[in-house]
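Reviewing the structure listed below.
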Amino acid sequence: MFSLLAATQPAIQLNATAIRVLDSPPAFYSRLLHIVRRAKRRIFLSSLYLGASEHQLVPSLDTALRENDRLHLHLTLDYNRSTRPGPDSPVLALLPLLRAHGSRVHVSLFRSPNLSGPVTTLVPPRFNEGWGTWHPKIYGADDDVIITGANLNRSYFTNRQDRYLHFKAQPKLADYCFSFLQLISSFSYNILSSPGIDAPVIQWPDPSIQPWKIQSKVHDALCKFQASRLTSSLPTHDTVLFPVIQGGQFNIREEERTLSTIFDHLASNRGPTPAITWTSGYFGLYKPYQDLILKSPAACEVIAAGPKANGFYGSRGLSGLIPEGYTLLEQRFMRAVRAAGRLSDQRDDPVSLSEWERPGWTYHAKGGIWLSPSKDSPPMLTMFGSTNLNSRSANLDTELSFVMVTSSQALQQTLHDEVRNLRQWAGPWRGADRKVRLRTKAIVGLVGGML
């Protein structure tokens, strides 16, 4: 597997002893605050947004900067999500840091070029996020990195379940992530503070190109970035990370290529029946990925958010229909499973769907793939990061995920335990009996690719 993936993706080698798989939002938050507070050189945070209700992280960043005048903070966030209007606009939470620490705070807002020119003024706030967002969740300090699907908002630290992997003292991984974010910052808006103005000043840094015409430049820059980090070295550590960038609007489709490589390898395997677990907080599989599952020789279990565990459950307006829209997509998926003859009463290597539901919690686990060589063995490969593995992630959002391959029995067991912990709140899928209203079907028909 190593040689197949290393042929197209950068390979970062490390030992499994440097990896901690965290299991809960509070554990993630505690570890995030810990690495921030002990940072000496750099803090680099990439998220969809930083919540205005976050009252502990921002003060911790402020304290770290005050106590060390050599420390720099780098934030990469989504433009549209971070500039929603109103007193709770996420961008306003950054003003105190900008005012207090000036040139040592670097804030970049990446804006998808899918909405171009005058059209950007016609689509209202919040709805404009439907055309694509900046989605990677990377939280680093010095040479420590946490890769997750969680954003920087209160619910993600308390009762919104995700995946979280902490890599301790890994300079190669940290430098890769930091360099990736620095590259993206050159195609992003900058935020500055100005004396006497209560709002941030947002500037586009390159007057030679319009911000909605960056597609070819971003494509070329990302291709060069990845190609320069390819290696032909054989593995000397027990674990290897392969960074995978997906940006459909820039014709960067490494996630699709990587998953095809993995499934082609499975198809050529003549050993025991492999087992795969998939998970997504927003389950509406991208059609090519659905085809990979249905045609593969692997038994496949899918864990998706139940309607009440969907982050949009109970929302006002059209967004309140989103959980019902995912029910429709799940119904379509299960019909395709039956048509392919992959249900448990049709095959010994079935495809099954479970729904995660925990009272008072929501489910947001991202990019979740665990691959085991057989049904009775723990995972030796996992994929994690920001992707939802749906059409939106494939075509609209910009994603960074990682494929991790390990020979460490201890880490394999930890990955097995991670899946087991998610399964404890997952039950049989009940979506076949749920009614989907006609207006929901119509909306999914219009904007299904944005879900």
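Checking the Cα-Cα distances for 168/217; 213/441; 172/217; 40/168; 168/375 against a 23 Å cut-off, the pairs over it are 168/217; 213/441; 172/217; 168/375. Mind checking which aspartates and glutamates have their Cα closer than 13 Å to the Cα of residue 137? Skip sequence neighbours fewer than 8 apart in that chain. Of all the aspartates and glutamates, those that pass the test against residue 137 - Cα under 13 Å, at least 8 places apart if same chain - are 78, 162, 397, 399.
Computed about its Cα centre, the charge dipole of segment 303-388 is approximately 220 debye, with only Lys, Arg, Asp and Glu carrying charge at their Cβ. Think of each Lys and Arg Cβ as +1 and each Asp and Glu Cβ as -1; about the Cα centre, that makes the dipole of segment 109-221 roughly 340 debye. Mind checking which lysines have their Cα closer than 23 Å to the Cα of residue 435? Skip sequence neighbours fewer than 8 apart in that chain. Counting by Cα, and skipping residues close in sequence, residue 435 has these lysines nearby: 308.
Relative contact order of the chain, taken over Cα pairs closer than 8 Å and 6 or more residues apart, is 19 percent.
When the Cα positions of 369, 393, 359 are compared along the charge dipole of segment 339-401, 393 comes out farthest toward the positive end, with charges on each C-beta of Lys, Arg, Asp and Glu. In this entry, segment 326-371 is assigned a mean projected area of 4.5 nm², taken as a quarter of its C-alpha convex hull surface.
Paramagnetic label reach from residue 343 (point 7 Å along Cα→Cβ; backbone nitrogen cut-off under 19 Å): within segment 406-430, residues 427-430. For the peptides 251-260, 32-41, the ranking by mean Cβ contacts within 10 Å, running from highest to lowest, is 251-260, 32-41. Ranking 80, 140, 277 by Cα position along the charge dipole of the chain, where only Lys, Arg, Asp and Glu carry charges on their C-beta atoms, puts 80 farthest toward the positive end.
Straight Cα distances below 16 angstrom link residue 287 to the lysines 295, with same-chain residues fewer than 8 positions distant left out. A straight line joining the Cα centroids of segment 25-93 and segment 158-216 runs 12 Å.
Assign one of three labels to segment 222-376, namely rounded, prolate or oblate, based on the Cα gyration tensor with a ≥ b ≥ c the square roots of its eigenvalues; rounded applies when a/c is under 1.5, prolate when it is not and a/b is larger than b/c, and oblate otherwise.
Working: a/c = 1.94, a/b = 1.27, b/c = 1.53.
It comes out oblate by the Cα gyration axes.
Charges at C-beta only: +1 for Lys and Arg, -1 for Asp and Glu. How large is the resulting dipole of the chain about its Cα centre, in Debye rounded to 20? Let's see the in-between values first.
Details: 49 positive and 36 negative charges, 132 e Å.
Computed about the Cα centre, the dipole is about 640 debye.
Backbone geometry of segment 3-13 corresponds, through the Karplus equation with coefficients 6.51, -1.76 and 1.60 at θ = phi - 60°, to 3J(HN,Hα) couplings of 5, 5, 6, 5, 5, 10, 10, x, 10, 10, 8 Hz, x marking Gly and Pro. Here the accessible area is traced with a 1.4 Å probe on the protein chains. For the chain, carbon and sulfur cover 53 percent of it. Spacing of the modelled spin labels on residue 319 and residue 375, each 7 Å from Cα toward Cβ, amounts to 4.2 nm.
Per residue of the chain, what 222 nm ellipticity follows from adding -39500 (n - 2.57) for every DSSP H run with n ≥ 4, rounded to the nearest 500? Write out the running numbers ahead of the final one.
Values: 14 runs with 144 residues, N = 451.
Estimated from H runs of four or more residues: -9500 deg cm²/dmol.
Under 8 Å for C-alpha pairs, at least 6 residues apart: give me the relative contact order for segment 243-397, rounded to a whole percent. Once normalised by length, the contact order is 34 percent. The 1.4 Å probe gives accessible areas that order 329, 122, largest first, as 122, 329.
If a/c stays under 1.5 just call it rounded; otherwise compare a/b with b/c (prolate if a/b is bigger, oblate if not). Do that for segment 239-313, with a ≥ b ≥ c from the square roots of the Cα gyration tensor eigenvalues. Oblate shape, in that a/c is at least 1.5 and b/c is the bigger or equal ratio. Which of rounded, prolate, oblate describes segment 1-122, given a ≥ b ≥ c as roots of the alpha-carbon gyration tensor eigenvalues and a/c under 1.5 marking rounded, otherwise prolate only if a/b is larger than b/c? Taking the square roots of the gyration eigenvalues as a ≥ b ≥ c, segment 1-122 is oblate. For residue 72, the residues whose amide H sits under 5 Å from its own are 42, 43, ignoring neighbours fewer than 5 places away on the same chain, with H placed 1.01 Å from N. Rounded to the nearest angstrom and listed largest first, the equivalent-ellipsoid semi-axes of segment 286-444 from its Cα gyration tensor are 27, 19, 16. Within the chain, DSSP assigns beta bridges of which about 65% are antiparallel (rounded to the nearest 5). Cα centroids of segment 375-405 and segment 303-340: how far apart, whole angstrom? Between the Cα centre of segment 375-405 and that of segment 303-340, the gap is 20 Å. Here the scattering of segment 80-171 is modelled by Debye summation over its C-alpha atoms, one equal scatterer each and no solvent; at q = 0.16 Å⁻¹ the log10 of I(q)/I(0) is -0.92.
Short-range pairs are left out: with C-alpha atoms under 8 Å and at least six residues apart, the relative contact order of segment 364-451 is 26 percent. Quotient of the Cα radius of gyration of segment 277-326 and 2.2 N^0.38 Å, N being its number of residues: 1.36. In summary, segment 184-274 shows an alpha-carbon radius of gyration equal to 1.67 times the 2.2 N^0.38 Å reference for compact globular proteins.
The values are calculated or read from the model by the stated rules, or taken from the named source; none is laboratory data. Keep in mind it's a predicted model, so treat the numbers as computed, not measured. Note that we place each Cβ from the backbone using ideal geometry, even for glycine, and neighbour counts take in every protein chain shown. Each accessible area value is taken on the protein alone, full model and side chains, heavy atoms only, with ligands, DNA and RNA left out. Shrake-Rupley method; radii C 1.70, N 1.55, O 1.52, S 1.80 Å.
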